[in-house]
Amino acid sequence: MTLDPRLRELPQRELPGELRLLCASTRTTRGRGLARLDALPTGHALLLEGCRSVHTIGMRFALDLVWLDDAGGLVRVDAAVVPGRLRNCRGARAVVECNAGEGGRFAAALIPAVH
């Protein structure tokens, strides 16, 4: 599966385990997020910084949400959040949205890189 053209232009970071983190760094890219995409390629995720809540309205697939604090530490993982839901995490300052089932891999890859 190839990456959707609107995601190809985003800044990206390589993570251990052949994972790729796409960074939604503008208001427009954060607002658009992953809505209306048919899928996200395996091993890819979207980072939304400065974010304590997300919605999955307009999503076409379930997500794992990896919530991070202001130091990049793991706050929690919400697994298999289906479309049409609202989630928030008061202690979070960023969230990583990835395919359902991949949250653990992204959490493990992100945490050692921060500390």
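The values are calculated or read from the model by the stated rules, or taken from the named source; none is laboratory data. The structure displayed is predicted, hence computed values, not measured ones. Ideal geometry is used to build each Cβ from the backbone, glycine not excepted, and the neighbour counts take in all protein chains shown. For accessibility, only protein heavy atoms count, side chains too; no ligands or nucleic acids. Shrake-Rupley method; radii C 1.70, N 1.55, O 1.52, S 1.80 Å.
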Worksheet entry | Cross-chain or 6+ apart pairs with Cβ under 9 Å, region 46-58 first and closer than 18 Å to Arg6 by Cβ, then β-branched (Val, Ile, Thr) and part of a loop (DSSP other than H, G, I, E, B) | Thr56/Val82
Worksheet item: Does Ala108 meet the test of being assigned to a helix (DSSP H, G or I), out of contact with any Cys (no Cβ under 8 Å at 6 or more places or on another chain) and surrounded by fewer than 21 Cβ atoms within 10 Å (Cβ to Cβ)?
Response: yes
Worksheet item: Could you list, in sequence order, the residues of region 9-59 that are open to solvent by less than 70 Å² (accessible area, probe 1.4 Å) and of a type in the set (Val, Ile, Thr)?
Response: Thr26, Thr29, Val54, Thr56
Worksheet, complete the sentence: Picked from region 61-73 (must be at pLDDT 95 or above and in contact with a helix residue (DSSP H, G or I) (Cβ under 9 Å, 6 or more places away or on another chain)), the residue surrounded by the fewest Cβ atoms within 10 Å (Cβ to Cβ) is Asp64
Worksheet item: Going by the conditions given, is Asp78 among the charged types (D, E, K, R), touching a Lys or Arg at 6+ places or on another chain (Cβ under 6 Å) and either open to solvent by less than 70 Å² (accessible area, probe 1.4 Å) or farther than 25 Å from Pro5 by Cα (or both)?
Response: yes
Discussion item. Quick check on my filter: what residues within region 41-53 are at pLDDT 95 or above and among the hydrophobic types (A, V, I, L, M, F, W, C)?
Written reply: Ala45, Leu46, Leu47, Leu48
